[in-house]
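Notes follow the structure.
The values are calculated or read from the model by the stated rules, or taken from the named source; none is laboratory data. Please read all numbers here as calculations on a predicted model, not as lab measurements. Cβ placement follows ideal geometry from the backbone for every residue including glycine, while neighbour counts extend to all protein chains displayed. We work out accessible area using only protein heavy atoms, side chains counted, and drop any ligands, DNA or RNA first. Shrake-Rupley method; radii C 1.70, N 1.55, O 1.52, S 1.80 Å.
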Amino acid sequence: MKERNYTPIVAVLTVVIVALVAILFFLPAYHGEVGFDVKILPLLNAIFNSFTFLALVVALIAILRKNVRMHRTFIGLAFGTTTLFLVSYVTYHYLTESTPYGGEGILKTIYLFILLTHIVLAIVVVPLALLSLARGISGQVEKHRKIARWTMPIWLYVSLTGVIVYLMISPYY
């Protein structure tokens, strides 16, 4: 049986997701009536990132214990909460301008380091997570394992640092 090549789908999804997020930084903020306080969205983003992190930890523990069914369930949950995060994140950054960090000194340096590594690795994890998912779903276990060894720690880092970035910048919203 011929293995399905998911690379084109992963490439298109990666370009669309990364381009959409990048475009938001160059668009002016929306100034129309929204009907709710958009400042709730960064908190939701942090909550979604927290759930993603916890789901990934459970998925990792499950697969280390050879519980494939539980692993799949929690990876699905991680993708679900990541998708909710992405929708909330895009909505927030479409509706408002980015909030500058107001701290100074070493805290600002730490914040900027965490933010920069978070952004770079968030871009990297998009195709890795999509390829890992495609290979896992399609039963390409060895290929899945090879890429998941990179995907899991990066995705854990991105979801955790998303929460840390929120906690550090939340006083300035």
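Counting only protein heavy atoms and a 1.4 Å probe, tell me what percentage of the chain's accessible area is made up of carbon and sulfur. Walk me through the numbers on the way to the answer.
On the way: 7800 of 10880 Å².
Roughly 72 percent, rounded to a whole number.
Report the charge-dipole magnitude of the chain in Debye, nearest 20, computed about the Cα centre from +1 at each Lys and Arg Cβ and -1 at each Asp and Glu Cβ.
On the way: 13 positive and 6 negative charges, 227 e Å.
The calculation lands at about 1080 debye.
So what is the relative contact order of the range 1-144, in percent, for Cα pairs below 8 Å that sit 6 or more residues apart? Display every interim value, and only then the final one.
Values: 92 pairs, mean separation 46.8, N = 144.
Relative contact order comes out at 32 percent.
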Round to the nearest 10 and give me the degree value, 0 to 90, for the angle of helix 141-169's Cα axis relative to the longest principal axis of the chain. 20
Quick one: helix 105-137 against the long Cα principal axis of the chain, what's the angle to the nearest 10°, folded into 0 to 90? 30
Using only Cα atoms, locate the centre of the range 128-156 and the centre of the range 24-85, then give the distance between them in Å, rounded to an integer. 18
Taking θ = phi - 60°, what integer Hz values does the Karplus form 6.51 cos²θ - 1.76 cosθ + 1.60 yield along the range 50-63, in sequence order, with x for Gly and Pro? 4, 4, 4, 4, 5, 5, 5, 4, 5, 4, 5, 4, 4, 6
Simple spin-label model, 7 Å along Cα-to-Cβ: T7 to A29 in nm? 4.3
Need the full-extension length gain, I106 to R145, defined as separation in residues times 0.36 nm minus the C-alpha distance. One decimal, nm. 10.2 nm
